[in-house]
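S.K.: Provided herewith is a single structure, encoded as structure tokens, for subsequent inquiry.
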């Protein structure tokens, strides 16, 4: 319980490569204090809210590029949006979990009842401001980060996903990037009918999660990258690997996770007739696409943000059945007390655990 505790430490990114602890009010079920204080409408209703204690928090690929000074999110901001947690307290209407339960917490705030949530667009909830989420600063709104002691979850029944027994917490903490990996292949298996081959243009962790999930679904993967560590991991997952200049084969499903325009254009050229290209990258500027080629070949281009709450159960099911081990992609695991130094120094997937 949080009775008597009024202040907690929150890890904040002050500048690229510099994370530090700062004091923050502990949230309450009614939202009167804490990061989401002032939330209105259904998000403020304590009856359907929960308080959780983060147990394992992972860096997202976006965190990594912001930490490197490559992507310009406004600073400072509270860190941590990929996490699993223990339930501390729940409102009277909450049925999905009780205190003591361990749960996955999607980073996107979603009510579960609006027209977008009902059709699976849990990252586009209409009940809260668009792109509302934990650990994204001004981009996600004032919901705080997960590198703290207590996080308020406003729509507990819609958001919380009970963790299957025996699932390692640190292995599944990266729920944003894991959902990103799932959406590159899970919804597109029909494209692979008769030809279960997939090309992944690697870049940071999402490409590796895409590779791991595809292999768990018995899809053959060609993984292209220039990073030796990532190439070794992909090969260990059972993928054929090569340099990004390999431009010979055509695939029914291609994936670009790099955020690089050159790799996106490569993926377009490598997509077979009637194939699908999934791009998970974030391009701050305009990108010129070869629309004539895409038209004549008949390429379906899929882009957009992950729908984390929708796809987390599918990922957890693969892990629970022993088909997927996300831990092989983690570069560093750090104890909670070392979070500031570890986050400041990280440049690959980091998981902070209590």
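Where a number appears in this text, it was derived from the coordinates with a stated rule and is not lab data. This structure is a prediction, so every number in the text was calculated from the model and none was measured. Glycine also receives a Cβ, built like all others from the backbone with ideal geometry; neighbour counts cover every protein chain displayed.
S.K.: Given points 7 Å out from each Cα along the Cα-Cβ axis, report the residue 139 to residue 30 separation in nanometres with one decimal.
M.R.: 3.5
S.K.: Sorted by packing (mean other beta-carbon atoms within 10 Å per residue), highest first, where do 214-224, 24-34, 171-181, 333-343 land? Could you put the intermediate results ahead of the total?
M.R.: Details: 214-224: 21.0, 24-34: 19.3, 171-181: 28.8, 333-343: 16.5.
Packing proxy ranking, top to bottom: 171-181, 214-224, 24-34, 333-343.
S.K.: Could I ask something else about it? If you line up the long axis of helix 175-185 against the longest principal axis of the chain, both from Cα atoms, how many degrees apart are they, to the nearest 10?
M.R.: Compared with the principal axis, the helix lies near 30 degrees.
S.K.: Ok, one more. Which order, highest average first, do 146-152, 304-310 follow once you tally other Cβ atoms within 10 Å for each residue and take the mean per peptide?
M.R.: 146-152, 304-310
S.K.: For the chain, what is the relative contact order in percent, using Cα pairs closer than 8 Å and at least 6 residues apart in sequence?
M.R.: Answer for the chain is 18 percent.
S.K.: A further question on this structure: If you split all Cα-Cα distances of the range 105-228 into 5 Å bins from zero, what percentages do you get per bin, shortest first?
M.R.: Histogramming the range 105-228 at 5 Å steps yields 2, 10, 15, 18, 18, 16, 13, 7, 2, 0 percent.
S.K.: Viscosity 1.306 mPa s, temperature 10 °C: what is the translational diffusion coefficient of the range 177-221 from Stokes-Einstein with a Kirkwood Rh over Cα pairs, rounded to a whole number of µm²/s?
M.R.: Reported coefficient: 155 µm²/s.
S.K.: As an exercise, use a Förster radius of 25 Å and the Cβ-Cβ distance of residue 68 and residue 115 to find the FRET efficiency, rounded to the nearest 0.05.
M.R.: On the way: r = 38 Å, r/R0 = 1.51.
So, using R0 = 25 Å, E works out to roughly 0.10.
S.K.: Return the percentage of antiparallel bridges among DSSP beta bridges fully within the chain, rounded to the nearest 5 %. Display every interim value, and only then the final one.
M.R.: Details: 31 of 55 bridges.
Percent antiparallel among DSSP bridges in the chain is about 55.
S.K.: Between helix 308-320 and the chain, what is the angle of the helix's C-alpha long axis to the longest principal axis, kept within 0 to 90° and rounded to the nearest 10?
M.R.: 80
S.K.: Quick check: convex hull of the Cα atoms in the range 178-302, volume per residue, rounded to a whole Å³?
M.R.: Residue-normalised Cα hull volume stands at 93 Å³.
S.K.: Here is a follow-up. Pop the C-beta distance of residue 302 and residue 229 into the FRET formula with R0 = 41 Å and round what comes out to the nearest 0.05.
M.R.: Computed FRET efficiency for residue 302 and residue 229: 0.90.
S.K.: In nm, give the distance between the simple-model label positions of residue 295 and residue 40, each being 7 Å from the Cα along the Cα-to-Cβ direction.
M.R.: 4.6
S.K.: Quickly estimate the mean residue ellipticity at 222 nm for the chain, helices only: each DSSP H run with n ≥ 4 gives -39500 (n - 2.57), and the total goes over all residues, rounded to 500.
M.R.: -6500 deg cm²/dmol
S.K.: Compute the angle between helix 261-270 and the longest alpha-carbon principal axis of the chain, please, reported from 0 to 90 degrees and rounded to the nearest 10.
M.R.: That works out to roughly 50 degrees.
S.K.: Can you figure out the FRET efficiency of residue 269 with residue 190, using R₀ = 22 Å and their beta-carbon distance, to the nearest 0.05?
M.R.: Details: r = 23 Å, r/R0 = 1.04.
Computed FRET efficiency for residue 269 and residue 190 comes out at 0.45.
S.K.: Report the Stokes-Einstein translational diffusion coefficient (µm² s⁻¹, integer) for the chain, Rh taken as the Kirkwood radius over Cα pairs, at 4 °C with viscosity 1.567 mPa s.
M.R.: 63
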